[in-house]
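Quick note: the coordinates plus some simple rules give every number you see, no bench work behind them. All values reported here derive from a predicted model rather than from experimental measurement. Here Cβ is always computed from backbone atoms with ideal geometry, including for glycine, and neighbour counts include all displayed protein chains.
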Amino acid sequence: MRLALPLSALALLAALLLVLPGQTVTTAYTNDLLVFLDGAHRLASGQVPNRDFHTALGPLVYLIPFAGLWLTGSLGGAMPMGMALVLAAFVPLLVQVLGPRMRPVLALPFGAFLVLLIALPANPGERITALSFAMFYNRLGWAALALLLVMVLRPQQQNLWRDAICAALLVLLPAYVKATYGLAAIGFVCLMLLDPRHRRWAALALALAALGAGAVELVWRGSAGYMADLMTTARISAERGGRDLARIALGNLPTLVLFALIAGLALRRVSALRDLAFYGFCLVSGLLLLSQSAQGWGILTLHAGAAVAAEKAMADGRAPAAGMPLLLAALLLPIGLHNAATLGLHSTLAVARAGEPIGLPHLQEVRFLQLRDPRNPFVDRYLAGLARGGEVLARLQPAAERVVVLDFANPFSAGLGLVPARGDWSWLHWNRNVSEGYHLPGEMLLADADLVLVPEIGINPGPLLALYRPVLDREFRQVLAEDGWTIFRRGEAAP
Amino acid sequence: MSAVPDVTWRRRLPTVTVAQWVVCMALAAALLLALPGQTVTTKSPEEVFALFDGLHRVLSGHIPGRDFLTAQGPLAFYLPALGYLLTGSPGAAFPLAMALVLVALAPVMAHILASRLQPVLALLTAALLTLVVAVPMALGDGLTQLSFAQFHNRIGWAAISLLLLMHLPAPAPQPLRDMACAMALVLLMVLLRPTYGIVALLFLVFLATDPAQRRGMLPALGLVAALLAAFALLWPGMPGMLRALEMAAGAGGILRGSWGQILDHLLANFTDYVLALLLAGFALHRRPRLRDALFYAFCAVAGFWLINHNLQRWGILPLYAMAVVAAERLLRQPRPAVWATPSGIKLFVTAMMLPTLVHCSAALLLHAAVAASNSARAFPLAGMERVRLASLWTEGSFAAGGALLDQTAEATAVLAALSPPPGRLLVLGGPDPFSAALDLPPARGIQPDLRWLETMGPDHHPTPAEMLADVDIVAERVAGIGPAEQLYLPSVTGSFDLVAETAQWRFYRRPAP
């Protein structure tokens, strides 16, 4: 196959670049990264997402780093290996979806673009100096949705089962990564139901996806918890208004303009209402999804829409058709090269052992490096605080276990190899998944906790301590307050 | 195969029409800017104060370089002054100055683009360069960030891009017109901003050594050299201009910033570099030419050097000139390559320019709409009623700017009430809004946007004696004292008396002898 070989080769190269150094280097969003390493450790300790701990992110967000940890035996290898596994699973889908639908001159650059998007150890659109595996679920969600959108093109040869299976997987993958992407994917397949030419595979895909979700639930038994945690998060996180969407549109103006240009050139020929509806779906779903993430750039459904439009224009075969590959390259190439350079920078820094390991025994292969000029002093203090917290915990008698940190992330269970507590949140982000109005009662959040740690320097320890203070006073006693940490241990308050 | 439609297109749009289109575009943009007769900003009023400080100086008879130190050429001051003299309103001075530049550039642009480029490329480039000059926004800013600050940079970018495009030999050479255009552009840049002037002169030498262009460019080089020699001898501001350049070179260096910052700056323009280099690579692959390779390298390097000296993250316009030259070279090939078809090349250049065209025209229309509707807040300072602070989803800077305007108005009233009335005034910690508002004779000194460690530094600055020589009042911005002001404040507190104070300002006065 003309696609399979080059795309597999690129994915393999990217995977090797990620995995071989055996290190994770982060220069940004370190606290987010710690959440996924904690998640990998929780699964390794036998916990199950949404049953043993609360999270509004899908189970794959925990399974992927866990698989990486299991294969490499190191928390530093967890994320790179996890992403390499995702690449391995994604390439067959890429080949099966793009191969029959797009000519290679378009399919190759678009496929390579998606491979590099998944392999990118940073958030798309951010500076090359902001290396982090944090929010990798967004990249996965975008990539899966972007590939699914290509199915609006009709394949050269109909193959009902191939199409339905691909579509079902491309619905389930984002749904188990981050629900909003799954919702958009389901919305797209439902849109396809309206088109008689697509109806059969779309219907079968929905049925298969439902079956798949049922099968997953049989093993997982966490779907109800996932839904409940999603509802909590949705209630707390503020709604985005039209103005936020307009701001996002302005921030992505170049992409929007090029998308409109390519779609316009394709529409000019065959002005079909169906095509308009598709481009509208790319635009609206992309805007809404981006508004739900922490990034300001990267409506990647538009890149997929542009690739589809380029294929349609070329299939149509009139005047500007011959120019479509170069036009699409103008949209995809700069981003792809930037992502490749970012990946290369991560590997280089990882091989060079740049930066300092995060100061906890099991996180020696996770390194932090300041690439910002000027330095961000907060991160230095935050990480120094974690190292001191680790030292304090290690000295504690009886030995620490089932630790809950009243802050954004808990690096200690994973970093010190402790038995993790059950029943708490994977992370605590004030006014995102915990707030004054909606929060897990302290009796439940801390039900299984033996030790509760409150940092002096953290992302949001202040409001969390105020919120849970009554439970701490009732069921815990303060055993220590030094080196920037206050530690409470379960037990009656000292007389 | 698709070379055929190009030929018919060319026949349908003869060269004259392209030139007319180019002029029409420039005139339309000029009218959009000038007609409302207002300056609108959504950024800090300090940027406007800095512009008005310069305008007030030349209107009061100051000569740039002689009476105040500046790293810019005299045109950066006399263009707005011309705008003022024609309208009698400081608020209309800057929009009108830019409109005049557009009108003056239009024939040059029409000649260079129409004589050298295919119609599509000519029209796209004309639209881009027109909008770059016309848009009241620093390149790379969001489209609600309206401001005339650094306006001279945008003129410089358009002028250097046009000059670079002259690298393409015209199919039907017109050496006399070429000579006139090249001379006008080089002189404009030298007199506007020395960095652009240096690059322009270097490139003129490159053009003059091109056998295909020598007939027009050698005399142009000779005449420019003669005119500049005469200017250097006769212009009274020359010593000051040289001193400011020496200060800038000493404080900021030939290339500014750490290597990390330079890399970051390059990456901010990554998309343009990738697209321009790709086209240039295609063109060289099709037909390797040493002079073309040198030209592309010059665009890539000189373009970065220019932006390195600007307060600007994005917008290396020479990369666009590079892409257009490469595209034109490819389009002139008798047999197009399969991977670079004529329609592909045109669409590629369109893709490179279109986002900026949309962005800049939206900002220009936004400025025109706000200016015409009189909806924003007028500056509460004498002479600045036609300058307006607007909030276009920029509540943060609108609130801060409004507070600054109120504080400035209050301080102006305090100054006006001083007895005896204030004389020459020097502001430490920001640009000077008071001299223009109270119509005070300006003090000698420096242009307010000389920047610490870039255009002046610890070892490169005017002495306190020079700065305070003829000053009657010193205004100290309480919140804004940086290292540059610290150089002068001790001399002020040592020998001047504190005569008035507001929440944001302290005023010192030289004791009566």
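Things worth noting here:
- Between amide H atoms placed 1.01 Å from N, distances below 5 Å from residue A:429 occur with A:434, all of them 5 or more places distant or on a separate chain.
- Counting 0.36 nm for each residue step from residue B:463 to residue B:369 and taking away their Cα separation leaves a gain of 29.3 nm.
- Helical contribution to [θ] at 222 nm, DSSP H n ≥ 4, -39,500 (n - 2.57), averaged over chain B, rounded to 500: -20500 deg cm²/dmol
- Cα-centred dipole magnitude for segment A:389-490, charges only on beta-carbon of K, R (+1) and D, E (-1), debye, nearest 20: 160
- Spin-label pair residue A:227-residue B:229: with each label point 7 Å from Cα along the Cα-Cβ axis, the two points sit 8.9 nm from one another.
- A cut-off under 13 angstrom between Cβ atoms defines the neighbours of residue B:409, and their net charge, with Lys, Arg +1 and Asp, Glu -1, is -2.
- Listed residues A:415, A:476, A:390: farthest to the positive end of the dipole of segment A:389-490 (Cβ charges): A:476
- Here the simple spin-label model places points 7 Å from the Cα toward Cβ, and for residue A:13 and residue B:284 these points are separated by 2.1 nm.
- Every helix of 4 or more DSSP H residues in chain A counts as -39500 (n - 2.57), and over all residues that averages to -20000 deg cm²/dmol at 222 nm.
- Distance in nm between pseudo-label sites at residue A:478 and residue A:274 (7 Å out along the Cβ direction from Cα): 6.9
- Cut-off 16 Å (backbone N to label point 7 Å along Cα→Cβ of residue A:243), residues of segment B:376-415: B:390-400
- Size of charge dipole - chain A - debye, nearest 20, with Cβ of Lys, Arg +1 and Asp, Glu -1, no other charges: 1740
- Think of each Lys and Arg Cβ as +1 and each Asp and Glu Cβ as -1; about the Cα centre, that makes the dipole of chain B roughly 2260 debye.
- Förster-model FRET efficiency, 30 Å R0, residue A:466 and residue A:294, C-beta, rounded to 0.05: 0.75
- Crossing angle, helix A:30-44 versus chain A [Cα axis fit, 0-90 degrees, rounded to tens]: 80
- In the protein assembly as shown, the inverse of the mean reciprocal separation of distinct Cα atoms equals 31.7 Å; this is its Kirkwood hydrodynamic radius.
- Candidate cross-link partners of residue A:312 among the lysines, defined by an alpha-carbon separation under 26 Å and a same-chain spacing of 8 or more, comprise B:346.
- Multiplying the residue separation of residue B:439 and residue B:24 by 0.36 nm and removing their Cα-Cα distance gives an extension gain of 145.5 nm.
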